[in-house]
Amino acid sequence: MKKFMFGMLAAAILVLTLGAVTSTGLWTYQCPYLLVRGVVGADETQPTLTSAGDFANKGEYAVDITPADTLGYQSGGGIQIMACCAADNGTFDVTLYGWRSTNGPATKLLKIAFTGGSQKVVKYPHNGTAVTAYWADTAVVTDYALTGTAFNSAGNNVAVVKADLEGYKWIRAVVDNMLSGANDVCVYRAMW
């Protein structure tokens, strides 16, 4: 008992002498949905990689995904891609391009075919604006340079495509093949 009491006293003295010990949690906080491509109302033109695949032609909608702060709200590693559109059962494609560095060449990373489901968005995650839109409930990776895996596909759940973008600094989502009222498409990302 004396040894225990002596140990407790020594520990108390150390804490008082050195101050409180701080620690950082292991990513147990919420991770927001970050906008990759804002409201797209019409088919976009795919970049021509043979003549304009360089960094200078990445376009105004390319997003820097390198870490922005200590909370890791941006990630160049594992990400989730999800999307929404204005119509239940609307279909659209999202092609994701990436650049590893400033002045590096473009890489066509993934092409994903999405179908809108019946789960309403209600408010856009990136700005809280009320909207009549539906989360895509089906995602099929149709072309890829990376391994992209679709989760929660079908069943009116939010479809998510997970991919490892380790080493990439910039990404750009290009939306096209919008059919069945799938206008006003938004593409989001989050960490995983």
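Proximity of backbone amide H atoms, modeled 1.01 Å from N, is registered between residue 110 and 96, 145 at under 5 Å, excluding neighbours fewer than 5 places apart on the same chain. Peptides 131-139, 176-184, 114-122, 47-55 ranked from most to least packed, by the mean per-residue count of other Cβ atoms within 10 Å: 131-139, 114-122, 176-184, 47-55. If you take all other residues with their beta carbon under 14 Å from the beta carbon of residue 35, and give Lys and Arg +1 and Asp and Glu -1, the sum is +1. Listed by Cβ neighbour count within 10 Å, with the fewest neighbours leading, 189, 100 appear as 100, 189.
Values quoted throughout were computed directly from the atomic coordinates according to the rules given, and no laboratory measurement underlies them. Since this is a predicted model, take the numbers as computed values, not measurements. In this analysis, Cβ positions are derived from the backbone assuming ideal geometry, glycine residues included, and neighbour counts consider all displayed protein chains.
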